[in-house]
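Below you'll find the structure, written out as structure tokens, and then a few comments.
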Amino acid sequence: MISAVIPAFNEAERIEKTLCALREVPDLEEILVVDDGSADRTATIADRAGATVLRLPENRGKGHALTIGVKAARGDILLLLDADLQESAAEAVKLLAPVLSGEADMTIATFPVIPGAGGGVGLVVRLARFGIRRITGRTMIAPLSGQRALRRAVLDRTEGFAGGFGAEVGLTIDALCAGFRVLEVPTEMTHRITGRDIGAALHRARQFLAVLRALWARRRKRCSDSPR
């Protein structure tokens, strides 16, 4: 069984299109949206769109929302997706194929490069890429990508999700160090790009600290990315 788990915080403008696009993914039997204490109509819209909605009373961060969602999901194959993918969520089928065929235990989506699309200066990405490479020897194209397909066995043998925005970096390191096959898959997925205003800068600062904490917690690990 394949289950999709989508952590969502104040995504009322985008969640419906994301869920509608996921309906195009073959054999996807369960869609769970974890509303992480949203102040808007995210939960109501997700419920109306047919998802199973888990409502958290307060915002606890992405790692906590993923933990709650994965525990509730019934599938042995999991799709972890962001809520703001909109129509491009249908590209998740590309993530599932290598896992279903046995080529990989976990896949990670890479996004197309869009010149001039905005965003920050890449400090968090560089930190994540450096930390993963230092610990595992693997250089990741998209170290922060939250779009993943994986076998539940990967989570059963890892340390759980790191807090907040460190969830993806921690999962990548733990999976590689446990000997699982991790494959980055090119997709045409798109999502909201953060700007350069004060709010966006604060978001990136929180992301930087979360990634740093995830790396610090795993600083004593040393492992190869070659599968065992």
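Calculate the dipole size of the chain relative to its Cα centre from +1 charges on Lys and Arg beta carbons and -1 charges on Asp and Glu beta carbons; express the result in debye to the nearest 20. Don't skip to the end; give the middle numbers.
Working: 32 positive and 27 negative charges, 267 e Å.
The dipole of the chain has a size of about 1280 debye.
Order 99-106, 164-171, 14-21 from most to least packed using the mean count of other Cβ atoms within 10 Å.
In decreasing order of mean packing, 99-106, 164-171, 14-21 become 164-171, 14-21, 99-106.
Amide H of ARG181 versus every other amide H placed in the peptide plane: which residues, excluding those fewer than 5 positions away on the same chain, fall under 5 Å?
ASP105, MET106
Residue-wise, which Karplus ³J(HN,Hα) couplings in Hz belong to segment 150-157, taking 6.51 cos²θ - 1.76 cosθ + 1.60, θ = phi - 60°, and x for glycine or proline?
7, 6, 4, 4, 5, 5, 5, 10
Per DSSP H run of at least 4 residues, take -39500 (n - 2.57); add these up for the chain, divide by its residues and hand me the 222 nm value, nearest 500 deg cm²/dmol. Write out the running numbers ahead of the final one.
Details: 8 runs with 86 residues, N = 228.
For the chain, the value works out to -11500 deg cm²/dmol.
Within the chain, how many lysine pairs that are 8 or more places apart, or on different chains, have C-alpha atoms less than 24 Å apart?
On the way: LYS17/LYS62; LYS17/LYS94; LYS62/LYS71; LYS62/LYS94; LYS62/LYS221.
Pairs that pass both the separation and distance tests number 5.
Give a residue-ordered list of calculated ³J(HN,Hα) values for segment 45-56 (Karplus: 6.51 cos²θ - 1.76 cosθ + 1.60, θ = phi - 60°; whole Hz; x for Gly, Pro).
5, 5, 5, 4, 7, x, 7, 7, 10, 10, 9, 9
So what are the ³J(HN,Hα) numbers for segment 97-107, from phi and the Karplus equation (6.51, -1.76, 1.60; θ = phi - 60°), rounded to whole Hz, Gly and Pro as x?
Once θ is set to phi - 60°, the couplings for segment 97-107 become 3, x, 6, 5, 7, x, 6, 9, 8, 8, 10 Hz.
Which residue, PHE161, MET189, VAL53, has the largest displacement toward the positive end of the dipole of the chain when charges sit on each Cβ (Lys, Arg +1; Asp, Glu -1)?
Working it through, the farthest residue towards the positive pole turns out to be PHE161.
Among the GluC sites (Glu not before Pro) in segment 21-73, which ones are in a DSSP loop with at most 12 other Cβ atoms within 10 Å of the Cβ? Mind listing them? Please report the intermediate quantities before stating the final value.
Details: sites: GLU24, GLU29, GLU30, GLU58; in loops: GLU24, GLU58.
Qualifying residues, ordered by number: GLU58.
Sorted from largest down, give the three principal axis spans of the alpha carbons of the chain, whole angstrom values.
Principal-axis extents of the chain (Cα, largest first): 46, 43, 35 Å.
Under the rule that a partner needs its Cβ under 4.7 Å from the first Cβ, which Cys of the chain have none?
Lacking a cysteine Cβ partner under 4.7 Å: CYS20.
Report the one residue of VAL113, SER101, LEU171 whose Cα lies farthest in the direction of the positive end of the charge dipole of the chain (charges on C-beta: Lys and Arg +1, Asp and Glu -1; origin at the Cα centre).
My answer, from the dipole projection, is LEU171.
A short reminder: the numbers here are calculations on the coordinates, not readings from a lab. Everything numeric in this text was worked out from a predicted model, so none of it was measured. Backbone-built Cβ (ideal geometry, glycine too); neighbour counts: all protein chains shown.
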